[in-house]
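The values are calculated or read from the model by the stated rules, or taken from the named source; none is laboratory data. All figures in this text were calculated on a predicted structure; none of them were measured in a lab. Note: accessible area is taken over every heavy atom of the protein model, side chains too, but ligands, DNA and RNA are not part of it. Shrake-Rupley method; radii C 1.70, N 1.55, O 1.52, S 1.80 Å.
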Amino acid sequence: MTDFAARRRMMVDTQVRPSDVTKYPIIDALLAVPREIFAPDALRDVAYTGEDLVFGGARVMLEPRTLAKMLDTLDIRQDELVMDVGCATGYSAAVIAKLAQAVVAVEEDADMAGEAPELLSEAGADNAILHQGRLAAGAAEHGPYDAIIVEGGVEEMPQALVDQLKEGGRMIGIFIEGALGEVRIGFKRGGKMSWRYVFNAAAPVLPGFEKQRAFSL
């Protein structure tokens, strides 16, 4: 029988801590949440490897290092409401639930959104709410949010998500330009976002996050 708890410890010790993620709440959350139950059945045995887990199409579960560094940068507090955009089956939301007062997990894929509530419950994430709908539309009825994390590639951040962020709030995503990607954190001031580079990463561009290309005759 696979010792997934041991694999979680190895994930933290070999992928997360060496990436300068040392905040105890994040470490504790990653050790507590069973990543394997959120993985596709065929990938459970490789749930703790240092790479994205592919659900199909343009959807992945971000590799542990990338997710951990994004959460470290976002620096979620226990009194905050967080929106997790593109939660897939809910792993990231379960981790965030241990850091925040509450998390709204947004997923548009019907199959993954159907699985997520039961898996979140199994992981003890009672302060996580699953919202099924377009990723780019967010979940305005539950906001505004102190922080927003986008679990996939972004060419252009939808204005709808910016509008759901509180003034003074922050948002993080993986911005893709050609073959390159970089994680950026943005702060909302005066209704506008100010972005800065954090670290390099890559992920498939999420539906609705593509750059609008002008037509030419």
query = Round to a whole number: what % of the accessible area of the stretch 6-159 belongs to carbon and sulfur, probe 1.4 Å?
reply = 46
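For the chain, report the accessible area per residue in Å² (1.4 Å probe, heavy atoms, rounded to an integer). Could you put the intermediate results ahead of the total?
Details: 10130 Å² over 217 residues.
On a per-residue basis, 47 Å².
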key: Set of lysines near LYS166 by C-alpha distance (under 23 Å), chain-local residues within fewer than 8 positions excluded   = LYS69, LYS98, LYS188, LYS192
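Taking Rh as the Kirkwood radius computed over C-alpha pairs, what is the Stokes-Einstein D of the stretch 163-206 at 4 °C in a medium of viscosity 1.567 mPa s, expressed in µm² per second? Don't jump to the answer; show the numbers that get you there.
Values: Rh = 11.1 Å.
D, rounded to a whole number, is 117 µm²/s.
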key: Overall dimensions of the stretch 70-134 as given by Cα atoms, namely Rg and Dmax in Å   = 10.8, 31
P(r) tail fraction, the stretch 125-201 - alpha-carbon pairs more than 16 Å apart, % = 51
inquiry  = Quick check on the stretch 66-191: what does the Kirkwood estimate of hydrodynamic radius come out to from the alpha carbon pairs, in Å?
reply    = 14.3
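Ratio to report: Rg/Rh of the stretch 1-53, with Cα atoms as the point set and Rh obtained by the Kirkwood method; give two decimals.
Details: Rg = 11.0 Å, Rh = 11.5 Å.
When Rh is taken as the Kirkwood radius, the ratio is 0.96.
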message = Show me, bin by bin at 10 Å from 0, the whole-percent P(r) of the stretch 1-157 based on Cα pairs.
response = 12, 44, 37, 7, 0
